[in-house]
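To keep things clear, I will list the structure first and then write my remarks on it.
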Amino acid sequence: MPVRPCDRLQQASPLCLRYLSSPFAPSRSKRGSSPARLATCAGTRHCPPVRRLLALPLILATLGAASPRPQRIVSLNLCADQYLLALADRGQIAAVTRLSRDPAMSAVAAQAASYPVTRGTGEDVLALRPDLVIADPYWRPETMARLRARGIATLALPPADSYAAIRDQARQVAAAIGRPARGDRLVAVMDRALAAVPPGAGRGRVAAYYQRRGFLTGGGTLVDEMMRRVGLANLATRLGKPPLARVGLEEMALARPDYLIVESETDRVADQGTEMLHHPLLARMPRLRVPEAWTVCGGPAYVRAAQSLARQLSSLAIPATAGIQGRRRHARHSGPRPSPG
């Protein structure tokens, strides 16, 4: 029986390869040597050096097809917005959260302004035809199950409570979007920036991260770790408070922290919640200001928050011998209040 071109694996010559790609070649089911099978000959005695080179593009194409990068990523998680805009190609992002455009809540508001946003409903997400959806672990479990049933990949991103978790999530998101090397680079950049933050800037002084309506942030939180990173002791830990506690004005005044850490937006009285932060009982306590957008969730903005705290501490350093009266004198004569920049 005559042998047709390319019936046998050993006949992977340049002529054979051209024949396989021509419109005259029989179907794969008939000719018996698919490109995938042809690629397997690379590195064996059946492929001379020239033929191995010819088979290489087929090998790369096969490997690339096994794990394609998602091209329609939808974020339903404000923290994921930070990672996506830092790691993904613009063309990979189908939509980010609506809050991503809010400067008060989002550390990437300016960047996100030019991206599509999603309302976050199941119907809205499906209309975007995503191939990857990143959400909070507790976001509408039924909807997430429905997405997975349709073959849509999902990634649950819990709130990061430490810098170690931020590093892990950067790599996790990078791997999920097909850009693992970018995740490693982002982690390296953050590590270098944090290594330059002076760990003793706070000199062991006591600080209270005091929010509107009297909420105090305690231990086991990202904010608590950030305070310790710059050399501050958390008042909430000293008082034995849980991760989030309500502390009244009188209790705060009696606790006499060296610093109040407040959100920058609370400098202006907008409601009763912010009004209490301007009460005379707190007026003489030195303040450190950090935008809420940098601390509302874990992400690359954590680095900016730590850098800002360290800079402000350097400009508001309280003498080691100062008691409450010394702090009051320092607050009166320390000049313009520091910027969180």
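Some points to look at:
- Overall, the anisotropy analysis places the range 206-333 in the rounded class: the square-rooted eigenvalues a ≥ b ≥ c of its C-alpha gyration tensor yield a/c less than 1.5.
- Gyration tensor verdict on the range 116-265 (Cα atoms; rounded if a/c is under 1.5, prolate if a/b is larger than b/c, oblate otherwise): oblate
- S114 versus R192: modelled label distance in nm, points set 7 Å from Cα along the beta carbon direction: 2.5
- Exposure proxy shown here: for E263, E292, E275, the number of other Cβ atoms within 10 Å sets the order, fewest to most, as E275, E292, E263.
- Gyration tensor (alpha-carbon) shape descriptor, the range 166-247, a/c threshold 1.5: oblate
- Around V108: net Lys/Arg minus Asp/Glu count, Cβ-Cβ under 15 Å: +1
- Remark: T295, T237, T118 ranked as T237, T118, T295, counting other beta-carbon atoms within 10 Å and listing the fewest first.
- Taking 0.36 nm per residue of sequence separation and removing the Cα-Cα distance, the A145/L249 pair yields an extension gain of 32.9 nm.
Any read-out appearing in this document is the output of simple, stated calculations on the displayed coordinates, not a laboratory observation. None of the values given here were measured: they were computed from a predicted structure. As a convention, Cβ positions derive from the backbone with ideal geometry for all residues, glycine included, and neighbour counts pool all protein chains shown.
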